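Data first, discussion second: the structure below is written as structure tokens.
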Amino acid sequence: MNILLLSLDIAVAAVSLAMALCAWRLMRGPDTPDRVLAIDTLYINAVALVVLLGIRLQTPLLFEAALIMAMLGFASTVALARYLTRGDVIE
């Protein structure tokens, strides 16, 4: 077996475990900021998983999907943080 494929499989398993732990923190988070951080980390892990799968499957389409996911995740995190601090997103 190729060492690159083995390392990609291990990385996919590690990122999947990190996503499961973030989902657990999202459900059990004691405060709202903990849940917001869990959502932020969850989308970052999802972007990492899509990139790893793009490398594993050798398709450039997944890299574009990861870029779009990263942009939408950043915008939603900023909007959610603004909503929690100020009570509205658009002034």
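Bear in mind these aren't lab numbers, they're just calculated from the coordinates by the rules spelled out. Just so it is clear, the structure is predicted and the values come from calculations on it, not from any experiment. Here Cβ is always computed from backbone atoms with ideal geometry, including for glycine, and neighbour counts include all displayed protein chains.
Per-structure values
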{"read-out": "Computed over the range 3-86: relative contact order in percent, which uses C-alpha pairs under 8 Å that are six or more apart", "value": "27 percent"}
{"read-out": "GNM result for the chain, Cα springs below 10 Å: residue of VAL78, VAL47, VAL12 fluctuating most strongly", "value": "VAL78"}
{"read-out": "Estimated dipole of the chain in Debye, rounded to 20 [Cβ of Lys and Arg +1, of Asp and Glu -1, Cα centre]", "value": "140 debye"}
{"read-out": "Sum of -39500 (n - 2.57) over DSSP H runs of 4+, divided by residues of the chain (222 nm, nearest 500)", "value": "-30500 deg cm²/dmol"}
{"read-out": "Cα pair distances in the chain, grouped into 5 Å bins until the bin that holds the longest one, percent each", "value": "3, 14, 18, 19, 17, 12, 8, 5, 2, 1, 0, 0"}
{"read-out": "Counted charge near ASP40, where neighbours are those whose Cβ lies closer than 13 Å (Asp, Glu -1; Lys, Arg +1)", "value": "+1"}
